[in-house]
1. Which residues' amide hydrogens lie under 5 Å from the amide hydrogen of Arg22, considering only partners 5 or more residues apart or on another chain, with H built in the peptide plane?
2. Top to bottom by accessible area (1.4 Å), largest first, where do Arg90, Arg104 land?
3. Met138's amide H: which non-local residues (gap 5+, or another chain) put their own amide H closer than 5 Å, with H modeled 1.01 Å from N in plane and none for Pro or chain starts?
4. Given a cut-off of 29 Å, name the pairs among Lys133/Lys173; Lys35/Lys108; Lys82/Lys108; Lys89/Lys133; Lys39/Lys82; Lys81/Lys108 whose C-alpha atoms lie farther apart than that in the structure shown.
5. For the pair Tyr83 and Lys173, what calculated FRET efficiency results from E = 1/(1 + (r/R0)^6), where r is the Cβ-Cβ distance and R0 = 41 Å, to the nearest 0.05?
6. Taking R0 as 22 Å, what FRET efficiency do you get between Lys47 and His163 from their Cβ-Cβ distance, rounded to the nearest 0.05?
7. Taking θ = phi - 60°, what integer Hz values does the Karplus form 6.51 cos²θ - 1.76 cosθ + 1.60 yield along the stretch 74-83, in sequence order, with x for Gly and Pro?
8. Can you list residues whose amide H is under 5 Å from His119's amide H, if they're 5+ apart or on another chain and H is modeled 1.01 Å from N?
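The values are calculated or read from the model by the stated rules, or taken from the named source; none is laboratory data. Bear in mind the structure is a predicted one, so any value in this text is a computation, not a measurement. A quick note on method: Cβ atoms are made from the backbone with ideal geometry, for glycine too, and the neighbour counts reach across all protein chains shown. Accessible surface areas use protein heavy atoms only, side chains included; no ligands, DNA or RNA. Shrake-Rupley method; radii C 1.70, N 1.55, O 1.52, S 1.80 Å.
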Amino acid sequence: IEHSQIRKIGRKMASEKKKDARLIVMCVDKSEYSKAGWKWAVENVLKDTDQVQLIHVYERKPMSTFDYVSKDYHQLMELEKKYIEEVRKRNAEIMKEMVVDALRMGCKAHITVEILDLHDGGAKGTIQEHCNKVNPAMCIVASRGTGAFGRAFLGSVSDYLVHNLKCPVIVVKTTKSAEKAPA
């Protein structure tokens, strides 16, 4: 085989790999439910060619009236900046552990991490906005198993996503052992 033929075969294989690639959004948090859902997705859904976005939505701590009155503007902005950096750092560590776990399990998908600021629509709306922007092949989320009563009063992120996302949503229902696992 000539060198030019090898390049053509390599380009063809690369284009086939891209053609087979799916963008999958996996919603995660620091709960054991989320970790169990991630493990299930790695074992049952993800392919080597997939592009996976692990996303976590975090809420900024609102400043109190006392904070606004007692500190000058620059000091207040510096405190908020430090708080955001700390939250992002903690969340990045959690997600890093999840990526390392996936690699240990033999996952070869390309995994990226996104930490999103909570918007006015809450976690549900923020995830929906992100999915509308990136147009994934599917979204995977773990269920906390609150049941109908909990969904009625607390609302359910997974229930909302199932009914409002344009892409298919896989809701991973975890076992009771996820509840009892140490954090």
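1. Counting only residues 5 or more places away or on other chains, the set is Asp50, Gln51.
2. Arg104, Arg90
3. Val25
4. Lys82/Lys108; Lys39/Lys82; Lys81/Lys108
5. Working: r = 34 Å, r/R0 = 0.83.
Approximately 0.75, to the nearest 0.05.
6. For R0 = 22 Å, the calculated efficiency reads 0.25.
7. In residue order, the calculated couplings are 5, 5, 4, 5, 5, 4, 5, 4, 5, 4 Hz.
8. The answer is Thr126.
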